[in-house]
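Just below is one structure, and these are the notes that go with it.
Since every read-out is calculated from the coordinates, none of them should be taken as a lab result. From a predicted model like this one, the values you see are computed outputs, not experimental measurements. With ideal geometry, Cβ positions are generated from the backbone for all residues, glycine too; neighbour counts draw on all protein chains shown.
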Amino acid sequence: MKEYTDSEIIDSLRKRDSSVVKYLFNRYMPVIRHMVIHMGGTSEDARDIFQEGLMIILEKIDEKSFILTSKFITFLYCICENLWKMVLLKKKAAGNYLEKQGPLHEESDIDDRLDNDLYESIFREAFDSLEESSKRILKLSWKGMLPGEISEMLGLSYGYVKKKKSEAQSELTEKVKKHPEYIKIKKSESRIKSIIN
């Protein structure tokens, strides 16, 4: 197998040379797999993280101002590690959310639950207004599935799933912010803050 210097890797990636992608996978995938598995993931998780990391690198190196300031493996490892940590945080947040949906044990929780119910209603309306493909991808993502797993399940390309997920999240956020009830809540919060301060 041909060896590449860091500068050759960058140049080859800019040219979208498939041989260097194969080289990177064979050379560095074991390191990424070890990191992901050590942090509670699977080989499948590692593969998806590796692919997502490479896509981020491709976007970065296409910028004219890009300069590699470390070894390529360090650059790749840091990106993949941060991506995996984000996945773990999302899974933890989802778990905490599900726990909060359990039965009430204290009367003091009732006000919080009422607030949560209102926010959930706003969220549900915004979510239901999305197109079906967006809702399907978001639901699978919230269950902890990575873009690679979703693309395989739905028979879609990895790039399409990643782009669609990002667009759907942005659209959902905007719909929530523009919801009449959400606007009322924010105005009320602002008035209360102004009185307190």
>> Assuming 0.36 nm per residue, please report the length gained on full extension of the stretch Lys60 to Asn82 beyond their Cα-Cα distance.
In response: 6.4 nm
> Under a point spin-label approximation (7 Å from Cα along Cα-to-Cβ), what is the Val176-Glu152 distance to one decimal in nm?
Replying inline: 3.0 nm
